[in-house]
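Novice: Shown below is the structure under consideration.
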Amino acid sequence: MKKIIILLIYLSLVITLQAQGVVEVCFNGETVEVSVPDDVQGVTWTTSGAHVIITSSTTTTEYTYALSGKSDDGSLVLNGSYKLTLELRGLQLTNASGGAAIDIECGKRIAVVLSDGSNNSLSDAPQGAQKAAFYFKGHPEFKGSGTLNVTGRLKHAIAAKEYIELKKTTGHINILGAVGDGIHCGKGKPDGENNFFLMNGGTVDIAGVGDDGIDTDDYGAIRINGGALAVNVGDGVTALKADSIVSITGGVVSLSVDGDGSEGVCAHHSVEVSGGELSIVVTGNGSKAILGKKAAVGATVVNGGYVSITGGKTQLYVLGAGMSDGNGGFIPCAGIVADNDISMSGGEVTILSLGKETVPILANDDFSSEGCNLSIERTPWQVDFLDCPYDMTLYVVVEADGCRLDDYANKAVGAFMDEKCVGYGVFDTNDFGIIRVWSHDTGAHALSFKVYDYETLMEYEAVADHEISFASMAHDGTPGHPVVLGYQSHGLLGDVNLDGDVNVTDVMLMVDYILQHATDHFYLPNADLDGSGDVNVTDVMLVVAIVLGDN
């Protein structure tokens, strides 16, 4: 009995202590109720409908403000000069009148607790002067396993003047949409990293933003050490953008760059990947998966532009086309681009680069990959495979002019269905390669094949040693007995422009070549018809004879 009494007394004390220092703010439609316990000193408030302004004068005690309830036109502004705890206990709050849904004007540390099991939603109005739907003058630190949904209808969804931190215990934060950035960290200081986004845990999903997914201005950094982060961005913006450093040491980061002229990760000093899993899918034209950008003189961070990968697993899918730079130039869709050095000394890096207007890696200065498990798969054709539920596997080898290829470093092999590329070859071994073919349906479509040579920039039709039609979940060939794809690299003798025909144009090109005039699309092996090792008048006469039909 004594043990039970002691336990009851203990629980009573715990409940009493927990209740101390907690200001209850409950929204109820068009009204809001504020309850301040006796032990809370120096807290005053005013209300207008469901809009409440709370002011705290304490400089010594950290109070907790517990928010709950629902209002379609309400808000909270909290003024003060000391750190505090903000606990969301199932809050559904929209500010329809103008202003942030929650505006914390305390310039100190704000502990934001997403209560276990709670579902919270915040949204601001499309008018007003607010910086975000959920704004902090200081630096918020999120924790708690609940869920937070935020929509920024005027500018950002979540913004802080200083840093934002997500603890390991953080639950789920959804940015459902924003006119500006999904998450924004404001002004930092040049003499210290006071401005950053730090993610040690939790799950963050960002979509529907008009600007960057996560942006840290003025010496700001983005540091991902754990958790799961997914960002989707559109035209001309960046999923993860930092004025100084983007660092990924752990967690799972998935970025989708659908817009034109956009980036997955961009840092004005350096992008540093040392752990975790980073996956970036780039489908926007002229966009980049990773960009180390050297900022202009006068910017907050200068002399940067580096990319460093020392660990972790990085997968880049470069699937867009190129685009004009507006000045007569051309911007390719790229995997990794750096204004200075690109260094890969560890980890696994896989880059899939599809299309003639894509570039896997582009470094302005040095590029090194010693110590990194680097795999680059490249084809000159766009491959439609993202939404194809059906596939088959082909084991193949390639013969050029009757000789088996033993080096595929500068070759691309593609499978085609109805003139669309539906698969590409992966040759990790000299013995055989694998082509995975994708399809939208299970129909038995006939397959054809092409080989592209990146050295000569020539494309060749390849013929399989037997007819092959698509069959879902099937395979053709085996590692021991692969399908043989053969092509003729020289084409037709006399066809020097490789248009598939021998005609007067070929004669004119050969004459220009002999006279040492500049010629475009001139394939030299097809010009030496007599096999003398030189192109001369005899070869021209032989081509003329072919054009005239003289065998």
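The values are calculated or read from the model by the stated rules, or taken from the named source; none is laboratory data. The model shown is predicted, which means the values in this text are computed figures rather than measured ones. All Cβ positions, even for glycine, are placed from backbone atoms using ideal geometry, and neighbour counts span all protein chains on display. What goes into the accessible areas is simple: the full protein's heavy atoms, side chains included, and nothing from ligands, DNA or RNA. Shrake-Rupley method; radii C 1.70, N 1.55, O 1.52, S 1.80 Å.
For every residue, the table says whether it meets (1) without any contact (Cβ under 8 Å) to a residue 40 or more places away in the chain; (2) assigned to a strand (DSSP E or B); (3) among the basic types (Lys, Arg).
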| position | (1), (2), (3) |
| --- | --- |
| VAL397 | no, yes, no |
| ASP407 | yes, no, no |
| ALA415 | yes, yes, no |
| TYR424 | no, yes, no |
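Novice: Report the residue count in segment 512-551 for those that are in a loop (DSSP other than H, G, I, E, B) and either free of Cβ contacts under 8 Å to residues at least 60 places away in the same chain or of a type outside the set (Phe, Trp, Tyr) (or both).
Specialist: Counting residues in segment 512-551 that are in a loop (DSSP other than H, G, I, E, B) and either free of Cβ contacts under 8 Å to residues at least 60 places away in the same chain or of a type outside the set (Phe, Trp, Tyr) (or both) gives 22.
Novice: So which residues in segment 466-492 are over 22 Å from SER439 (Cβ atoms) and either of a type in the set (Gly, Ala, Ser) or touching a Leu at 6+ places or on another chain (Cβ under 8 Å) (or both)?
Specialist: GLY480, GLY486, SER489, GLY491
Novice: Further question on the same structure: Across segment 425-439, which residue is farthest from SER472 (Cα to Cα) among those that are open to solvent by 50 Å² or more (accessible area, probe 1.4 Å) and at pLDDT 90 or above?
Specialist: In this case the residue turns out to be ILE434.
Novice: To continue, here is another question. Among ILE102, ILE53, which is surrounded by fewer than 23 Cβ atoms within 10 Å (Cβ to Cβ), within 17 Å of VAL25 (Cβ to Cβ) and more than 28 Å from the chain's Cα centre (by Cα)?
Specialist: So the residue among ILE102, ILE53 that is surrounded by fewer than 23 Cβ atoms within 10 Å (Cβ to Cβ), within 17 Å of VAL25 (Cβ to Cβ) and more than 28 Å from the chain's Cα centre (by Cα) is ILE53.
Novice: Kindly indicate the residue of segment 73-99 that is of a type outside the set (A, V, I, L, M), under 17 Å from GLY21 (Cβ atoms) and within 34 Å of the chain's Cα centre (by Cα) and also surrounded by the fewest Cβ atoms within 10 Å (Cβ to Cβ) among those meeting that condition.
Specialist: By that ranking, first place goes to THR85.
Novice: Just for segment 303-351: of the residues that are part of a loop (DSSP other than H, G, I, E, B) and touching a Lys or Arg at 6+ places or on another chain (Cβ under 8 Å), which one is most open to solvent (accessible area, probe 1.4 Å)?
Specialist: Looking at residues that are part of a loop (DSSP other than H, G, I, E, B) and touching a Lys or Arg at 6+ places or on another chain (Cβ under 8 Å), I get ASN303.
Novice: Continuing with the same structure: Does segment 496-506 include one or more residues that are farther than 21 Å from SER448 by Cβ, of a type in the set (Ser, Thr, Tyr), surrounded by 10 or more Cβ atoms within 10 Å (Cβ to Cβ) and free of Cβ contacts under 8 Å to residues at least 60 places away in the same chain?
Specialist: Yes, because at least one residue in segment 496-506 is farther than 21 Å from SER448 by Cβ, of a type in the set (Ser, Thr, Tyr), surrounded by 10 or more Cβ atoms within 10 Å (Cβ to Cβ) and free of Cβ contacts under 8 Å to residues at least 60 places away in the same chain.
Novice: Something else: Show the residue pairs that are 6+ apart or on different chains and have beta-carbon atoms under 6 Å apart, the first residue being within segment 369-388 and of a type in the set (Phe, Trp, Tyr) and at pLDDT 90 or above, the second being surrounded by 13 or more Cβ atoms within 10 Å (Cβ to Cβ) and not in a loop (DSSP other than H, G, I, E, B).
Specialist: As it stands, the answer is TRP381/GLY414; TRP381/CYS421, since those pairs meet every condition given.
Novice: Looking only at segment 446-459, filter to residues that are part of a strand (DSSP E or B) and surrounded by fewer than 19 Cβ atoms within 10 Å (Cβ to Cβ); which one of those is farthest from the chain's Cα centre (by Cα)?
Specialist: For segment 446-459, the residue satisfying everything is ALA446.
Novice: Quick one: in segment 393-415, of everything that is open to solvent by less than 30 Å² (accessible area, probe 1.4 Å) and under 28 Å from the mean Cα position of the chain (by Cα), which residue is nearest to MET473 (Cα to Cα)?
Specialist: Across segment 393-415, the extreme among qualifying residues is ALA415.
Novice: Against the definition (out of contact with any Lys or Arg (no Cβ under 9 Å at 6 or more places or on another chain), more than 21 Å from VAL22 (Cα to Cα) and in a strand (DSSP E or B)), how does LEU176 come out, yes or no?
Specialist: yes
Novice: With the structure loaded, tell me whether LEU91 is under 18 Å from ALA132 (Cβ atoms), assigned to a strand (DSSP E or B) and touching a residue at least 60 places away in the same chain (Cβ under 8 Å) or whether it fails that test.
Specialist: Yes: the conditions hold for LEU91.
Novice: State which residue is most open to solvent (accessible area, probe 1.4 Å) when the search covers only segment 463-475 and only residues that are modelled with pLDDT of 90 or more and not in a loop (DSSP other than H, G, I, E, B).
Specialist: Ranking the candidates gives HIS475 first.
Novice: Follow-up. Look through THR283, THR203 and report the one residue that is within 16 Å of the chain's Cα centre (by Cα) and open to solvent by 10 Å² or more (accessible area, probe 1.4 Å).
Specialist: THR283
Novice: Scanning segment 353-392 for residues that are under 17 Å from PHE449 (Cβ atoms) and hydrophobic (A, V, I, L, M, F, W, C), which turns out nearest to the chain's Cα centre (by Cα)?
Specialist: LEU354
Novice: For THR47, are the conditions met, namely being modelled with pLDDT under 95 and either open to solvent by 80 Å² or more (accessible area, probe 1.4 Å) or not basic (Lys, Arg) (or both)?
Specialist: no
Novice: Then there's this: Return the residues of segment 213-234 that are crowded, with 21+ Cβ neighbours inside 10 Å and touching a Gly at 6+ places or on another chain (Cβ under 8 Å); say none if nothing qualifies.
Specialist: Scanning segment 213-234 gives GLY213, ILE214, THR216, TYR219, GLY220, ILE224, GLY227, LEU229, VAL231, VAL233.
Novice: Tally up the residues in segment 523-551 that are closer than 27 Å to LEU457 by Cα, open to solvent by less than 40 Å² (accessible area, probe 1.4 Å) and at pLDDT 80 or above, please.
Specialist: 8
Novice: For segment 337-356, give me each residue that is of a type in the set (S, T, N, Q) and either in contact with a Pro (Cβ under 7 Å, 6 or more places away or on another chain) or at pLDDT below 90 (or both).
Specialist: SER353, the sole residue that qualifies.
Novice: Could you please give the count of residues in segment 476-495 that are surrounded by fewer than 18 Cβ atoms within 10 Å (Cβ to Cβ) and more than 28 Å from PRO360 (Cβ to Cβ)?
Specialist: Residues in segment 476-495 being surrounded by fewer than 18 Cβ atoms within 10 Å (Cβ to Cβ) and more than 28 Å from PRO360 (Cβ to Cβ): 7 in total.
Novice: Next up: Taking segment 510-522 only, how many residues are closer than 19 Å to GLU459 by Cβ and modelled with pLDDT of 80 or more?
Specialist: Matching residues across segment 510-522 total 0.
Novice: Are any of the residues in segment 180-189 open to solvent by less than 40 Å² (accessible area, probe 1.4 Å), β-branched (Val, Ile, Thr), closer than 30 Å to GLN127 by Cβ and modelled with pLDDT under 95?
Specialist: no
Novice: Quick one: in segment 357-368, which of the residues that are buried (at least 18 other Cβ atoms within 10 Å of the Cβ) and either in a loop (DSSP other than H, G, I, E, B) or of a type in the set (A, V, I, L, M, F, W, C) (or both) is modelled with the lowest pLDDT?
Specialist: ALA363
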